Amino acid sequence: MSRPRLVLFDVDGTLLSSGRKGLDSFSEALRRTFGTEGDVASYRFEGRLDPVIVFELMRDAGIPDDVIVERRPAALSLYLDLLEEALSAHPPALKPGVADLVARVSASPSVVPALLTGNVQRGARIKLTAAGLWNHFHFGVFGDEAPRRVDLGPIALARALERTGRPFSPSETVVVGDARADVECGRAIGARVVAVATGRTSVEELRAAGADVVLSSFADVESACEAILA
């Protein structure tokens, strides 16, 4: 394939899952920082930005907004310390086909693989390093760089221009994710959206959200590559 592509990958639910280790680290950090973890058990994490997750959980738990804003950096820092320790012993589980898919996409000389994720940068690095994937991505756009996920897309396009010296048009940009928020983010910049139902959002929900292609998984690596690079 010779046509240039900017491929923006989500992390959690799309490439990997940290399982209970990630959730337990997040909950413990909230308990130590705020005295409560809030209603973590029923909170829908997919597609959300890490700083927003802290704010919403703690506001719903009755913590004043000014206290949340003041303590949130400490909570996130503690979460990342706990996460790094947990994942060093128990690496995240890659989703089916992901190792081969990322290797093939990143090996294409005309493709710029990057991250577009709700994780803060250190969180994404911890997870992807533990999973052996971090070095495949040229750059990333992270959850503490904008107040809403849809605002991350324009940052990604600007960063791609900055890093490569080349502007990527919407038709040359692909967003790959597992949540409705990923689809919305891609649609907001006019990108092609490839959604995969390996998170908590079903194939039907992803289709209804407007993804161009919806896959049940990346297990069929050939088909997944074709969908992303078509």
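What follows is calculated from the coordinates using simple rules that are stated; it is not laboratory data. Here the structure is a predicted model, which means the values were calculated and not measured. With ideal geometry, Cβ positions are generated from the backbone for all residues, glycine too; neighbour counts draw on all protein chains shown.
Table for the structure above
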{"quantity": "Label-to-label distance, nm, for residues given as Leu161 and Glu145 (7 Å Cα→Cβ offset)", "calculated": "1.4 nm"}
{"quantity": "Positive-end extreme of charge dipole, the chain - chosen from Phe34, Trp134, Pro73 (charges on Cβ)", "calculated": "Trp134"}
{"quantity": "Charge dipole magnitude, Cβ of K and R +1, D and E -1 - the stretch 1-118, Cα centre, debye nearest 20", "calculated": "540 debye"}
{"quantity": "Check: the chain dipole with +1 on Lys, Arg Cβ and -1 on Asp, Glu Cβ, in debye", "calculated": "460 debye"}
{"quantity": "Sequence-separation-based contact order of the stretch 105-218, relative, with Cα cut under 8 Å and 6+ spacing, percent", "calculated": "17 percent"}
{"quantity": "Long-range amide H partners of Leu116 with built H, under 5 Å", "calculated": "Phe9, Asp10, Val141"}
{"quantity": "Calculated diffusion of the chain, Stokes-Einstein form, Kirkwood radius summed over Cα pairs, 25 °C and 0.890 mPa s, µm²/s", "calculated": "138 µm²/s"}
{"quantity": "Sorted by Cβ density within 10 Å, fewest first, the residues Tyr43, Tyr79", "calculated": "Tyr43, Tyr79"}
{"quantity": "Cβ-Cβ FRET estimate between Arg207 and Val67, R0 fixed at 30 Å, reported to 0.05", "calculated": "0.15"}
{"quantity": "Distance between the stretch 101-128 and the stretch 24-79 - C-alpha centres, whole angstrom", "calculated": "26 Å"}
{"quantity": "Share antiparallel - DSSP beta bridges, the chain, percent rounded to 5", "calculated": "10 percent"}
{"quantity": "q = 0.25, 0.26 Å⁻¹: log10 I(q)/I(0) that the Debye formula gives for the stretch 19-89, counting C-alpha atoms only", "calculated": "-1.18, -1.27"}
{"quantity": "Length added when fully stretched, Thr129-Leu23, from 0.36 nm per residue minus Cα-Cα", "calculated": "36.4 nm"}
